[in-house]
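What follows is one structure encoded as structure tokens, with my remarks underneath.
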Amino acid sequence: MANEATRILGLDPGLRRTGWGVVEAHGSRLRWIAHGVVRPPESGPLSARLLALMEGVTEVCAAHGCGEAAIEEIFVNMNPGSTLKLSHARAAVMLAPARAGLSVAEYAPNLIKKAVVGAGHADKSQIAFMVKRLLPAAGDVTADAADALAVAITHAQVRRAPGLAA
């Protein structure tokens with residue numbers, strides 16, 4: 001597995017914007033493939049918005065030949081309603097790669113920050129800065145796409161050294 005290049009889809013779920021990023025991991029080398037944001041309609045029933053998220057991520061999986069996927073775990077918010085809505089979005093986003101036959105790994109936000117920045121309490125600007133340094137071909141990325149690329153980078157590191165996720 002370590003000798004073959006694998007395309008990893010990183011996902012940062014959200015009901016308004018779901019960031020995605022694809023990297024190719026070959027041993028310890030990473031190469032940026034693509035990134036973007038899935039934006040479901042802002043109005044309409046929750047079910048239609050969730051379907052749009054799932055369909056958008058399904059298109060990304062197919063377009064970029066992803067072999068594995070990783071998603072950020074939920075950061076529990078003070079507002080239970082917001083946490084529940086994010087849970088719905090996360091489920092819709094997880095179903096797309098699972099339906100495509102990809103394994104989907106899950107990582108805590110602090111682990112992602114530590115893997116990419118070196119500190120478990122890094123802010124979004126620090127994550128974006130490090131993503132830009134690690135994947136210069138990505139150019140400027142939105143916060144959502146930077147977070148998704150950070151998830152993919154974390155997965156690439158953990159799959160090489162599984163003890164990192166412990």
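The values are calculated or read from the model by the stated rules, or taken from the named source; none is laboratory data. Every value quoted in this text rests on a predicted model; they were computed, and no experiment measured them. Every residue, glycine as well, gets a Cβ built from its backbone with ideal geometry; the counts of neighbours run over all protein chains shown.
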- Query: Would you pick out the residues in the stretch 48-93 that are crowded, with 21+ Cβ neighbours inside 10 Å and either assigned to a strand (DSSP E or B) or free of Cβ contacts under 8 Å to residues at least 24 places away in the same chain (or both)?
  - Reply: Ala69, Ala70, Ile71, Glu72
- Query: Residues Lys124, Lys113: which one is buried (at least 18 other Cβ atoms within 10 Å of the Cβ), of a type outside the set (A, V, I, L, M, F, W, C) and without any contact (Cβ under 8 Å) to a residue 60 or more places away in the chain?
  - Reply: Lys113
- Item | Residues within the stretch 8-24 that are under 18 Å from Pro136 (Cβ atoms) and at pLDDT below 95, tallied | 0
- Task: Answer yes or no: is there a residue in the stretch 31-47 that is crowded, with 16+ Cβ neighbours inside 10 Å, out of contact with any helix residue (DSSP H, G or I) (no Cβ under 7 Å at 6 or more places or on another chain) and of a type outside the set (Asp, Glu).
- Result: no
- Item | Near pairs, Cβ below 7 angstrom, 6+ apart or cross-chain, from the stretch 138-166 (closer than 13 Å to Ile127 by Cβ) to any residue that is at pLDDT 95 or above and of a type in the set (Asp, Glu) | Asp144/Asp12; Asp147/Asp12; Ala148/Asp12; Val151/Asp12
- Note on the structure: Here the residues within the stretch 8-30 that are under 10 Å from Glu72 (Cβ atoms) and either among the aliphatic types (A, V, I, L, M) or without any contact (Cβ under 8 Å) to a residue 60 or more places away in the chain (or both) are Leu11
- Item | Residues located in the stretch 97-135, provided they are touching a strand residue (DSSP E or B) at 6+ places or on another chain (Cβ under 9 Å) and not in a helix (DSSP H, G or I) | Ala100, Leu102, Ser103, Val104, Ala105, Glu106, Tyr107, Ala108, Leu135
